Amino acid sequence: MSVSTAQHEDRPLPVAGHYFAAHADSQDELARLRLLEAECDPHTRRYLDAIGVGAGWRCLEVGAGAGAMVRWLAERVGPTGQVVAVDIDPRYLGELCQPNVPNVEVRQCDITLDDVEPESYDLVHCRFVLMHLDDPADALQRMTRALRPGGWLLAADPDNDVAGSVDPEHPLSELFDSCYRKRVEFASAAKLADFRFGKVLLRYMEALGLVQMGNEGIARVVHGGDPFSQMWIKTWQRIDDAVIEHGVLTEAEVLAMRRAYEDPTFTYRTQLTQSVWGRKPLVN
């Protein structure tokens with residue numbers, strides 16, 4: 001399917017207002033998204049396996065990123081199903097925007113502004129989306145309305161309060177922890193992103209009236225030089241100019257943080273990725 005932009009004819013390509021990666025180099029951002037997918041997709045697929053996503057399902061992927069989960073879902077639902085991938089900026093979805101993927105529809109869509117078909121989807125999934133929104137509760141309500149009775153909602157977001165060095169004797173540990181905390185706090189205060197939204201995700205999901213709810217939080221201990229460390233280098237680069245400009249960190253501290261992420265002798269715990277799922281009640 002070709003990209004649908006009908007809802008946005010009077011608007012330029014949206015950049016989600018203060019979305020922290022809106023102005024990043026496109027190839028670098030694509031690389032960051034793919035690193036994030038490589039880290040998170042195995043767990044997301046496991047949750048979707050447990051939910052029972054199968055042939056004929058109609059799925060809505062909100063914030064489709066580089067499209068790895070769209071591709072997986074398209075294969076899972078098969079030719080009798082459909083995956084609708086919505087994103088404010090669908091340029092990273094590549095071949096999914098072309099007509100040679102018959103069970104995928106890509107839409108340029110802002111979930112905070114644009115309605116999707118009510119009671120039309122067996123699954124709605126979003127990952128690392130709510131952390132960027134001013135009103136995540138409203139977005140979750142929109143997603144829930146899009147579900148058919150009995151349909152599933154799966155959401156995931158990070159809690160970076162648990163992240164930090166694990167070896168206090170390492171010469172970079174104290175600086176890493178201090179700078180990490182300052183970056184997270186600055187991003188939240190400047191409304192760039194809430195890197196701690198995973199902490200309250202369950203509460204937001206419980207307010208939707210879903211049933212058969214479950215949740216899991218996953219963190220990993222990694223070394224500098226791990227591919228996921230590269231994802232974090234690229235993530236922080238999106239905000240470091242502002243961090244330095246506002247005096248939150250110095251250029252020397254930013255460079256020292258990067259050295260930690262690249263140093264195989266440095267060990268740290270990643271963010272907790274909190275996933276929550278639930279089912280829209282069946283109509284009595």
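Rule-based calculations on the coordinates, nothing more; no lab input. Everything numeric in this text was worked out from a predicted model, so none of it was measured. Reconstructed Cβ throughout: ideal geometry from the backbone, glycine too, with neighbour counts over all protein chains shown.
If eta is 1.567 mPa s and T is 4 °C, what Stokes-Einstein diffusion coefficient results for the chain, Kirkwood Rh from Cα pairs, in µm²/s? It would help to have the intermediate numbers written out before the result.
Numbers: Rh = 19.6 Å.
The diffusion coefficient I find is 66 µm²/s.
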Simple spin-label estimate for residue 185 and residue 30 in nanometres, 7 Å along Cα-Cβ: 3.9 nm
Peptide ranges 226-236, 160-170 listed from the most packed, as the mean C-beta count within 10 angstrom indicates: 226-236, 160-170
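Could you tell me which helices of the chain pass both thresholds, a Cα extent of 18 Å or more along their own axis and a mean Kyte-Doolittle hydropathy of at least -1.0, with helices taken as whole DSSP H runs? Before the final figure, lay out the partial values.
Values: long enough: 26-51 (34 Å, -0.72); 173-189 (24 Å, -0.44).
Within the chain the helices that satisfy the rule are 26-51, 173-189.
Which value results when the Cα radius of gyration for region 83-162 is divided by 2.2 N^0.38 Å? Present the calculation step by step, with values, prior to reporting the outcome.
Values: Rg = 13.5 Å, N = 80, 2.2 N^0.38 = 11.6 Å.
Compared with the compact-globule rule of thumb, region 83-162 sits at 1.16.
Report the local net charge at residue 255: Lys and Arg +1, Asp and Glu -1, summed over other residues whose C-beta lies under 11 Å from its C-beta. Display every interim value, and only then the final one.
On the way: positive: 258, 259; negative: 240, 251, 253, 262.
The answer is -2.
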Spatially proximal lysines relative to residue 182 (Cα-Cα < 26 Å; intrachain offsets below 8 disregarded): 191, 199, 234
Separation of alpha-carbon centers, region 14-71 and region 182-261, rounded to whole Å: 17 Å
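Could you calculate the FRET efficiency of residue 216 with residue 166 from 1/(1 + (r/R0)^6), where r is the beta carbon distance between them and R0 is 30 Å, rounded to 0.05?
Numbers: r = 21 Å, r/R0 = 0.71.
The formula returns an efficiency of 0.90 here.
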